[in-house]
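Have a look at the structure below, then the notes.
The values are calculated or read from the model by the stated rules, or taken from the named source; none is laboratory data. Everything numeric here is computed off the predicted structure, so don't read it as measured data. With ideal geometry, Cβ positions are generated from the backbone for all residues, glycine too; neighbour counts draw on all protein chains shown. For the accessible areas, the whole protein counts, side chains as well, though only heavy atoms, and no ligand, DNA or RNA atoms are used. Shrake-Rupley method; radii C 1.70, N 1.55, O 1.52, S 1.80 Å.
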Amino acid sequence: MKLGRLNHVGVATPSIEKSIAFYRDVMGAEVIREPFDLPAQGVKVCFVDTPNSQIELIEPLGESSPIAGFIAKNPEGGQHHICYEVPDIHAAKSWFEGKGARVLGEPRIGAHGTLIFFVHPRDMGGVLTEIMETPRPGVSH
Ligand SMILES: CC[C@H](C(=O)O)C(=O)SCCNC(=O)CCNC(=O)[C@H](O)C(C)(C)COP(=O)(O)OP(=O)(O)OC[C@H]1O[C@@H](n2cnc3c(N)ncnc32)[C@H](O)[C@@H]1OP(=O)(O)O
Ligand SMILES: [Co+2]
């Protein structure tokens, strides 16, 4: 497998509204997209565009949010994961499993509307890693 484009850096926050204000007023982010809920993934999401990638702000949504534990340990929030693009999500899943890495669950639809999965941080040098199928041109995400 060839290292693909860094699609986004996931940043967990207890308050997406406060984080939007930070990226707008301190970091000078021009375009702030509207936050949206991803109940199936247990997060509220807001993408902040950078010149060459995105910051994905994520806030726990619901009791069983997968980031509730992270926010409990890091009440101010913090860098949570990184996401790379791949051309074929299923081939990528087999690749990581073949390398003995723990793929967390089956591929599912992520915040860009394409299939994603996560690889356990303990198998990735301590970095929770999201793998995402590259959005198809002309398909809105
Ligand atoms: C999918 C929508 C959107 C998108 O981009 O499309 C998103 O990205 S949503 C992002 C939120 N969803 C997820 O993160 C799903 C995958 N994550 C998980 O399944 C869990 O967070 C998991 C398994 C990585 C950790 O679960 P939990 O926090 O409940 O377990 P522990 O606290 O026991 O942690 C186990 C072990 O991992 C270390 N850890 C936990 N979180 C992270 C992290 N974000 N980065 C690095 N390391 C992390 C933790 O310190 C523990 O280490 P240990 O040495 O065993 O103590
Ligand atoms: Co993500």
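One residue alone among ALA21, ALA12, ALA40, ALA29 is within 12 Å of ligand 2 (Cβ to nearest atom) and of a type in the set (Gly, Ala, Ser), and that residue is ALA12. Does the stretch 116-123 contain any residue that is surrounded by 19 or more Cβ atoms within 10 Å (Cβ to Cβ), within 14 Å of ligand 2 (Cβ to nearest atom), in contact (Cβ under 8 Å) with a residue 24 or more places away in the chain and under 16 Å from ALA12 (Cα atoms)? The answer is yes; a qualifying residue exists.
Of the candidates ILE89, ILE58, ILE16, the single residue that is under 15 Å from LEU128 (Cα atoms), touching a residue at least 24 places away in the same chain (Cβ under 8 Å) and surrounded by 14 or more Cβ atoms within 10 Å (Cβ to Cβ) is ILE58. If the condition is being more than 14 Å from GLY10 (Cα to Cα) and among the acidic types (Asp, Glu), then the stretch 33-77 contributes GLU34, ASP37, GLU63, GLU76. Exactly one residue out of CYS83, CYS46 is more than 19 Å from GLY125 (Cβ to Cβ), open to solvent by less than 70 Å² (accessible area, probe 1.4 Å), within 12 Å of the chain's Cα centre (by Cα) and not hydroxyl-bearing (Ser, Thr, Tyr), and it is CYS46.
Residues in the stretch 109-141 that are basic (Lys, Arg) and in a loop (DSSP other than H, G, I, E, B): ARG136 only.
So that you can scan it fast, the table gives a plain yes or no per residue for (1) of a type in the set (Ser, Thr, Tyr); (2) part of a strand (DSSP E or B):
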position	(1), (2)
ASP37	no, yes
PHE47	no, yes
ASN52	no, no
SER65	yes, no
GLY69	no, no
GLN79	no, yes
LYS93	no, no
PRO107	no, yes
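Checking VAL11 against (1) assigned to a loop (DSSP other than H, G, I, E, B); (2) in contact with an Asp or Glu (Cβ under 8 Å, 6 or more places away or on another chain); (3) of a type outside the set (Phe, Trp, Tyr); (4) within 16 Å of ligand 1 (Cβ to nearest atom), only one condition comes out false. Which one? Here VAL11 meets the rest and fails (1).
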